[in-house]
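Asks: The structure is given below, and queries will be raised subsequently.
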Amino acid sequence: MTTEEVAADTEKTADELVGRLFEATLGMFDVMSVYLGDRLGLYRALHDGGPSTARELAARARIDPRYSLEWLEQQAVTGFLEVDDVAAPAEERRYRLPDAYADPLLNLDSPYSIAPLPRSAVANAQALPQLLEAYRSGGGVAWSDYGADMIESQGDFNRPWLVGSFGTEILPAIPSIHERLVADPPARVADVACGVGWAAIAIARAYPTVRVDGYDLDGSSIELARQHARDAGVSDRVTFQVGDVAEAEAGAYDLAVVIEAIHDMTQPVSVLASVRRMLRPGGVALIADEKSEDTFTAPAGQAERFFYGFSILTCLPAVMTEQPTAAIGTVMRADTMRRLGTEAGYRSIERLDEPTLDTLRLYRMMP
């Protein structure tokens, strides 16, 4: 729904609010049910093993048969699964995962992948007690309080476009970057706040002579990144390390990328300044962050609601754990990014409206 469509639908009644929150609650139940199916391997068992009764699914996934039956019935009632014969006795009904739903729920490389989103929503829910205290005290909520679900889902959410198009479509569409990555001598690239490593891996796959170094402060993310690089066969040219980029070698890199991380930093200006120092003369920093509206708008469309949802539950609380903090939150507007780049000492800060991404905007910064 566009901002204009939202603004046109302004009638406010008790019925409208009750209906909206009831539908949202049904959606929340769906999200949590998908989390169960994802984490317990139920969708995978249905996909790999074919249509199943509750007892067959329970045996495959090693869960209790009574829970298996209730989950299957709920999934069928909400329309996620199909039933061969709804009139059959409960223990004889066979349930199937529609072919069209396999990629969204099971293929993390697919552009349709959606299972990581319920994981992040559940991670937010489990941190609600800490969030209540943070709101009252002005403190923050550490990433560790969100658990492994949040770290994994963060990486998996960006994984489809990074693996699918970052190195093969996005970077080639920026001539100044692409030309350096294919030239000699081989380019060096820094992936700053690399998370679980998908950007670095995508660059190494697309440009077989470059060397990429990933930096992140989270040790568990670095462990996952190293494993992903080994699995992708690029660990000979891609390294990952736990560390602060302020300590990285000056003037060593032709390109630095920062993917959806600036808004999550307590001191983004200092980090951007460190990135600038890492670059060689003529080097480029490519920043991807949220494609927020240019100005505050209310009511707003789905994308803005999505960003603000993560901001109040995850991104703002996480950066409030350290003081002083820039406390940007998820809603990174273009003028904010320009201000940060200017304060960090970049002489050129260019918003790139092409190539385009669904939820992120690219910026090219040059020292």
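The values are calculated or read from the model by the stated rules, or taken from the named source; none is laboratory data. These figures come from a predicted structure and were not determined experimentally. A quick note on method: Cβ atoms are made from the backbone with ideal geometry, for glycine too, and the neighbour counts reach across all protein chains shown. The area values use the complete protein model at the heavy-atom level, side chains included, leaving out ligands, DNA and RNA. Shrake-Rupley method; radii C 1.70, N 1.55, O 1.52, S 1.80 Å.
Asks: Determine the sum of side-chain charges near Ala344: Lys and Arg each +1, Asp and Glu each -1, restricted to other residues whose C-beta is under 12 angstrom from that of Ala344.
Replies: +4
Asks: In Å², what does the accessible area per residue of the range 233-348 work out to with a 1.4 Å probe?
Replies: Each residue of the range 233-348 exposes 42 Å² on average to a 1.4 Å probe.
Asks: Given only helices, namely DSSP H runs of n ≥ 4 each adding -39500 (n - 2.57), what is the per-residue ellipticity at 222 nm of the chain, to the nearest 500 deg cm²/dmol?
Replies: When only DSSP H runs of four or more count, the value is -13500 deg cm²/dmol.
Asks: Let me ask you something else. Per 0.36 nm of contour for each residue apart, how much would the distance between Asp109 and Val77 grow if the chain were fully extended, relative to their Cα-Cα spacing?
Replies: Length gained between Asp109 and Val77: 8.7 nm.
Asks: Could you list the residues of the range 21-50 with an amide nitrogen less than 18 Å from a label point located 7 Å from the Cα of Glu11 in the Cα-to-C-beta direction?
Replies: 21
Asks: Give, as a single signed number, the net charge of other residues whose beta carbon lies under 14 Å from the beta carbon of Phe166, with Lys and Arg counted +1 and Asp and Glu -1.
Replies: Computed value for this residue: -3.
Asks: Measuring from centroid to centroid over Cα atoms, what is the spacing of the range 30-66 and the range 222-249 in Å?
Replies: 34
Asks: Taking 30 Å as R0, compute the FRET efficiency from the Cβ-Cβ separation of Arg39 and Thr239 and round it to 0.05.
Replies: 0.45
Asks: For Glu293 and Ala102, FRET efficiency with R0 = 41 Å and r from the beta-carbon atoms, rounded to 0.05?
Replies: Approximately 0.75, to the nearest 0.05.
Asks: Which loop-located chymotrypsin sites (Phe, Trp or Tyr not before Pro) does the range 276-367 contain, where loop means any DSSP state but H, G, I, E or B and the Cβ has at most 15 other Cβ atoms within 10 Å?
Replies: Passing sites in the range 276-367 are Phe296.
Asks: Modelling each spin label as a point 7 Å along the Cα-to-Cβ direction, I'd like the Leu357/Arg280 distance in nm, to one decimal.
Replies: Once both label points are built, they end up 2.5 nm from each other.
Asks: Using a 1.4 Å probe and counting only protein heavy atoms, arrange Arg55, Arg211, Arg280 so the residue with the most accessible area comes first.
Replies: Highest to lowest solvent-accessible surface, that is Arg55, Arg211, Arg280.
Asks: For the range 202-303, what does the relative contact order come out to in percent, with C-alpha contacts under 8 Å and a separation of six or more?
Replies: 24
Asks: From the Cα gyration tensor of the range 281-353, with a ≥ b ≥ c the square roots of its eigenvalues, which class applies: rounded if a/c is under 1.5, or else prolate if a/b is larger than b/c, or else oblate?
Replies: Oblate.
Asks: Still on this structure: When Cα extents along the principal axes in Å is calculated directly from the model, which label among [x] 73, 52, 37; [y] 79, 44, 33; [z] 74, 52, 42 fits?
Replies: Of the listed options [x] 73, 52, 37; [y] 79, 44, 33; [z] 74, 52, 42, [x] comes from this structure.
Asks: Further question: Can you grab the distance from the C-alpha centre of the range 339-367 to the C-alpha centre of the range 106-183, Å, no decimals?
Replies: Measuring centre to centre over Cα atoms gives 20 Å.
Asks: How much accessible area does Val242 have with a 1.4 Å probe, in Å² rounded to the nearest 10?
Replies: Surface open to solvent at Val242 totals about 80 Å².
Asks: Compute the distance in nm between two label points, each set 7 Å from the Cα along the Cα-to-Cβ direction, one at Val182 and one at Gln227.
Replies: Label-label distance for Val182 and Gln227, simple model: 3.6 nm.
Asks: Could you work out the relative contact order of the chain? I mean the mean sequence separation of Cα pairs under 8 Å and 6+ apart, divided by the number of residues, in percent.
Replies: 13
Asks: Turning to a different aspect of this structure: Need one number: nm distance between label points at Arg62 and Thr25, each 7 Å from Cα along Cα→Cβ, rounded to one decimal.
Replies: Distance between the two pseudo-spin positions: 3.7 nm.
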